[in-house]
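Accompanying notes for the structure given below.
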Amino acid sequence: MSDAARVVIERFMRGLVRRNPEEPEFHQAVRGVAESITPYILDNQGYRHAQIAERLTEPDRIIIFRVSWEDDRGNVRANRAWRVQFNNSIGPYKGGLRFHPDCNLSVLKFLAFEQVFKNSLTGLPLGGAKGGANFNPKGKSESEVMRFCHSLMVEMYRHIGDDIDVPAGDVGVGQREISFMFGQYKRLANRFEGVLTGKGISHGGSLVHTESAGYGVVYFTQNMLERVGREIEGMTCSVSGSGNVALYAIEKLTQLGGKAVTVSDSTGFIHDPDGIDADKLEWLKELKGARRGRIEEYAQRYDRATFHSGKRPWAVSVDIALPCATHNEIADEDARSLVANDVLAIAEGSNMSCAPRAVHRLIDARTLYGPGKAANAGGVIASGLEQSQNAQRMPWTREEVDTRLRSIMRTIHAKCVAHGEQPDGSVNYVVGANLAAFVKVADAMVAYGAV
Ligand code: NDP
Ligand code: 2IT
């Protein structure tokens, strides 16, 4: 990058930090994109004139509201909820809802900003948003979760709609919570429409939606490997997390002949050198699904598996690493271990899995590194396909959804290659994903004039 571009980035970031103080995750996400697109903007008078970088980093609006609800003992409780409607230049706002005690505005702005780019890459008409609440679902009864979801929707319903904003799941929000929220929306709005995605199959949900983010990460990994003449068959893989994305990534990886040797949750990780086969995976789905148990139980059940309390799995030597838990879960020292152990590919199931120094280390080492906005787009792709089915009032078969998912992931990979191929033949997937995504949104914004 030229010195002039560096100076522009630093000046821009100083302004962004001043306008958005104390939002480190949002700053990190914007800087990641600014480093890719600034040289391109400097070469383009039209984008410069349109103040495109400043406008793209300012959310269209943010809704903040209180959610009051009653727990099982009759105590009144209050949480804070947000919906960040970041950009609807290329389609109605779209993005997940997160329920986690650490949820805050900085995290949701980073996620909404990333979602704008991810959704652009899909080629579907989807704008970018994210929302959630600082509600901790852990230890709550099903009735408490239902009351919380119903109460949240009493405010949120007036800000969403199938042509306005279409929320979905994320950490702490799965099919159960989406169905609670959809039921309440339907009652309040008296409309049965595709206003939320990730619904149950009996009421407008799409086949393969539950599996889509995890499957998509593996499809993207497959595409990166194919380009260098390799395949998943026979490879070992470390996976973090044991939620929706992690478990279905393990499922697809195993189907393709790979062997997942780790899995984790917020308490630590499991190393199973024998691999997590289909039977163990079914048991894990029950443990982390209906039972909402701790991952440590895995080591009590399977002899050769070990539990590593409070640790992450990145020191285990593997061919592929799939971080699928949370942001910044691969620090620089983790990236150093992965590179020292000759990891071939890393694809981000979680959003912004890698800290900034880790990203640069992986790129410098020419690791096949797929950033979340490209690698984990499978979730929102299946959401977009669910919206299409709802609008058509026509459900599609499992094969139809999976074929489209696979094909769109392949197209995203091709876009990353087209925009990120380097003179030495390697691909910088970060630059590729950011540029390809940016051009579509920026061109729409320029076409609209000063709106
Ligand atoms: P889930 O709630 O289903 O699972 C989250 C998993 O990550 C759990 O195993 C959880 O452990 C662990 N985890 C959560 N927070 C932390 C933390 N701070 N430190 C360590 N472990 C943590 O979420 P998803 O699988 O849906 O989401 C995982 C990631 O994938 C997120 O970054 C999300 O934004 C991203 N993503 C999700 C998509 C979706 O459609 N669901 C689509 C694309 C990306 P525990 O069980 O102990 O809480
Ligand atoms: O991070 C993500 O892409 C998601 N949580 C899915 C968003 C969606 O609208 O399906």
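The values are calculated or read from the model by the stated rules, or taken from the named source; none is laboratory data. These numbers come from a predicted model, not from an experiment. No Cβ is skipped: glycine too gets one built from the backbone with ideal geometry, and neighbour counts run over all protein chains shown. For accessibility, only protein heavy atoms count, side chains too; no ligands or nucleic acids. Shrake-Rupley method; radii C 1.70, N 1.55, O 1.52, S 1.80 Å.
Some observations on this one:
- Per residue value of the accessible surface for the stretch 188-234 (all protein chains in place, 1.4 Å probe), Å²: 39
- Contact order normalised by residue count of the stretch 82-177, Cα under 8 Å, 6+ apart, percent: 40
- Of all aspartates and glutamates in the structure, the ones whose alpha carbon falls short of 18 Å from that of K280, not counting any fewer than 8 places away in one chain, are E211, E251, D265, D272, E296, E297, D303.
- Amide H contacts of M352 (H built 1.01 Å from N, under 5 Å, at least 5 apart or other chain): G372, K373
- Apolar share of the accessible surface for the chain: 49 percent from carbon plus sulfur atoms, 1.4 Å probe.
- A probe of 1.4 angstrom, applied to the heavy atoms of all protein chains, finds T210 with accessible area near 50 square angstrom.
- Entry note, the stretch 307-451: relative contact order of 17 percent, from Cα contacts under 8 Å with a spacing of 6+ residues.
- Oblate is the label for the stretch 109-200. Its Cα gyration tensor axes, ordered a ≥ b ≥ c, give a/c of at least 1.5 and b/c at or above a/b.
- D279 paired with K311, simple spin-label distance in nm, labels 7 Å along Cα-to-beta-carbon: 2.8
- Loop-located trypsin sites (Lys or Arg not before Pro) in the stretch 84-189 (DSSP state not H, G, I, E or B) with no more than 13 neighbouring Cβ atoms inside 10 Å: K138.
- All-pairs alpha carbon distance profile, the chain, 10 Å steps from 0, percent: 4, 22, 32, 27, 12, 2, 0
- Spin-label proximity, S2 to the stretch 13-41 - amide N less than 15 Å from point 7 Å beyond Cα toward beta carbon: 37-41
- In the full protein context, the stretch 19-102 carries 48 Å² of accessible surface per residue, based on a 1.4 Å probe and ignoring ligands, DNA and RNA.
- Label-zone membership for the stretch 141-157, site I63, 7 angstrom Cα→C-beta point, backbone N under 13 Å: 152-157
- Potential lengthening between I201 and E10 on full extension [0.36 nm per residue; Cα-Cα distance subtracted]: 63.9 nm
- For the stretch 340-415, the fraction of alpha-carbon pairs in successive 5 Å shells from zero, as %: 3, 14, 20, 19, 14, 11, 8, 6, 4, 1, 0
- Helix-only [θ]222 nm of the chain, DSSP H runs n ≥ 4, -39500 (n - 2.57) each, per residue, nearest 500: -15500 deg cm²/dmol
- Normalised by the number of residues in the chain, the mean separation of alpha-carbon contacts (under 8 Å, six or more apart) gives a relative contact order of 15 percent.
- Kyte-Doolittle mean at least -1.0, axial Cα span of 30 Å or more - DSSP H helices of the chain: 398-420
- A full extension of the chain between R158 and R80 corresponds to an added length of 26.4 nm, given 0.36 nm per residue minus the alpha carbon distance.
- Efficiency of FRET between A444 and E233 - r from beta-carbon atoms, R0 35 angstrom, step 0.05: 0.30
- Taking all protein chains into account, the per residue accessible area for the stretch 281-359 stands at 46 Å² (1.4 Å probe).
- Long pairs among K288/K440; K140/K259; K140/K186, criterion Cα-Cα beyond 30 Å: K288/K440; K140/K259
- Calculated from the alpha-carbon coordinates, the stretch 238-360 shows an Rg and a Dmax of 13.3, 39 Å respectively.
- Extension reserve of the V451-E399 stretch, reckoned as 0.36 nm per residue once the Cα distance is removed: 14.6 nm
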